[in-house]
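Chemist: Starting off with a structure, shown below.
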Amino acid sequence: MVRKLEGKVAVVTGASSGIGKSIVESYAQEGARVVAFARNLDALKALETAWPGQVRAVAGDVTRAEDLQHLVDEAVRVHGGVDVVVPNAGIARVVSFADSTAEAFHTQFSVNLFGAAETARLFVPHIRKGGSIQFITTFLTQVGFPGLAIYSASKAALKSLSQTLAAELAPLGIRVNSIAPGPIGTPLWGTVGLPPEILGAVAEKITSRLMPGAFGQPEDIAELSVFLASDSARNIYGQEIVVDGGYTVG
């Protein structure tokens, strides 16, 4: 059986849990060697142990320039170059517009936009021809949701960045696309800052609009990520592919 990512080298940030972890596992299963980056070294080491010789753990924070440079240096030192970069690290916080200060904006933009952009920028010189970058946006670039103005704005900016970079980097032989997850059952859902009872009520309301009748799973995003990283997606440029259980059409 031919594995879809055999011979490719990938870098995934935010790799210690949720979508990032699932992408690392799916890539490794499909034959890729993966450099997994996140703040939680123990979780990364568990991935390294589960996939010996295929996953390499590098701990750090995407908002720290020295940590990102260390990630690039390690990936290039070990593998010579890379084929796929997935700047997946992200945070979401519910913040009312009344509380949306410059500091509140910076907290989420520093990870979701600036961290993702800087990850891609530093790796571009080391991405081999035919390689790709995948940004992780959100279905909320298409719909409004109270309290998530900052989060949605950071991801909308990332969507625009992805489309522009698709045109700018295509002459270098690098494809750029983005994946927009809808409601996905990950640890991120529990960190948005809502009390459990309110979080449960919101989840119930969202679920009522989902065509499968349940939140998606990280594997739903990882499987699409594998396709976009593979040679089968060689003619896909500058697209934001929404995986939301039908929320945005319901």
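The values are calculated or read from the model by the stated rules, or taken from the named source; none is laboratory data. Bear in mind the structure is a predicted one, so any value in this text is a computation, not a measurement. When we count neighbours, we look across all protein chains shown, and the Cβ atoms used for this are built from the backbone with ideal geometry, even at glycine.
Chemist: Please find, within region 136-150, the residue that is nearest to Gly216 (Cα to Cα) out of those that are within 18 Å of the chain's Cα centre (by Cα) and in contact (Cβ under 8 Å) with a residue 60 or more places away in the chain.
Modeler: Of everything passing the filter in region 136-150, Phe139 is nearest to Gly216 (Cα to Cα).
Chemist: Then there is this: Kindly provide the set of residues from region 18-33 that are surrounded by fewer than 24 Cβ atoms within 10 Å (Cβ to Cβ) and more than 16 Å from Val111 (Cβ to Cβ), ordered by number.
Modeler: Passing the criteria: Ser22, Glu25, Ser26, Ala28, Gln29, Glu30, Gly31, Arg33.
Chemist: What residue, of Leu224, Leu188, Leu158, is modelled with pLDDT under 85 and in a helix (DSSP H, G or I)?
Modeler: One residue alone meets the criteria, Leu188.
Chemist: Considering each of Leu68, Leu140 in turn, give the residue that is crowded, with 16+ Cβ neighbours inside 10 Å, at pLDDT 95 or above and either assigned to a helix (DSSP H, G or I) or aliphatic (A, V, I, L, M) (or both).
Modeler: Matching residue, one of Leu68, Leu140: Leu68.
Chemist: So, in region 210-240, how many residues would count as being surrounded by fewer than 17 Cβ atoms within 10 Å (Cβ to Cβ), farther than 23 Å from Leu161 by Cβ and over 16 Å from the mean Cα position of the chain (by Cα)?
Modeler: Qualifying residue count, region 210-240: 6.
Chemist: Pick from Ala36, Ala75, Ala15, Ala116: which is assigned to a loop (DSSP other than H, G, I, E, B), under 19 Å from the mean Cα position of the chain (by Cα), of a type outside the set (Ser, Thr, Tyr) and crowded, with 22+ Cβ neighbours inside 10 Å?
Modeler: Residue meeting the stated conditions: Ala15.
Chemist: Could you list, in sequence order, all residues of region 78-110 that are surrounded by 15 or more Cβ atoms within 10 Å (Cβ to Cβ) and in a helix (DSSP H, G or I)?
Modeler: Scanning region 78-110 gives His79, Ala104, Phe105, Thr107, Gln108, Phe109, Ser110.
Chemist: Can you tell me which residues in region 90-105 are of a type outside the set (Val, Ile, Thr) and either under 19 Å from the mean Cα position of the chain (by Cα) or closer than 27 Å to Arg175 by Cβ (or both)?
Modeler: Gly90, Ala92, Arg93, listed by residue number.
Chemist: Further, regarding this structure: Which pairs turn up if I take residues in region 13-31 that are closer than 12 Å to Ser225 by Cβ and look for partners that are basic (Lys, Arg) and part of a loop (DSSP other than H, G, I, E, B) with beta carbon separation below 6 Å, at least 6 apart in sequence or on another chain?
Modeler: Every condition considered, the pairs that remain are Glu30/Arg3; Glu30/Lys4.
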